[in-house]
Amino acid sequence: MRWIAEYNNKAIAGDSTVCDDFTDDVEVNIFAETLQGHWEVEGGKDEICGYLRQASAAFIVLQASTNTQFDSLQIERGGFPWTTAQVKYHYKASMQADRIPTMTVDGNDTLILSKGVFSGLKIKLLESKSATIIGHE
């Protein structure tokens, strides 16, 4: 859970090393529902890194503060000794900034983590489904 929270903080803060948390062959499928419709990010490392750069730029420009809570963590390890793990969790992230209503994102993520001898943990698959609520915490 600590590793996931650190990854999340790097992504929100615009830390350029966040792309190092993905394998070169990562598969990404993000679906987000908003009041204006929905948007999707599908693809690989280029798509997720581009998305994260845009999202962090918006947080920086807005000088937004965020608070993310995680729960319902499920981990299923694969292999012995384990080399992969499927991690599922629910999250609620609130974003506040001056002159805009509070936004809350309620979502569920599934990750496949790969554990390398020299590379440490990396995300091999990211599936995310979320809904954004405006004006509520």
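The values are calculated or read from the model by the stated rules, or taken from the named source; none is laboratory data. Everything quoted here is computed from the prediction, not taken from an experiment. For accessibility, only protein heavy atoms count, side chains too; no ligands or nucleic acids. Shrake-Rupley method; radii C 1.70, N 1.55, O 1.52, S 1.80 Å.
Key figures
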{"read-out": "Amide hydrogen neighbours beyond the local backbone of Thr83, cut-off 5 Å, H modeled", "value": "Gly78"}
{"read-out": "Per residue, in Å², the accessible surface of the range 1-134 once ligands and nucleic acids are set aside, probe 1.4 Å", "value": "61"}
{"read-out": "Accessible surface of the range 1-134 [probe 1.4 Å, protein heavy atoms]: carbon and sulfur percent", "value": "51"}
{"read-out": "Cα-based shape type of the range 11-117, given that a ≥ b ≥ c are square roots of the gyration tensor eigenvalues and the cut on a/c is 1.5", "value": "prolate"}
{"read-out": "Accessible-area value, Leu73, 1.4 Å probe, nucleic acids and ligands omitted, Å²", "value": "80"}
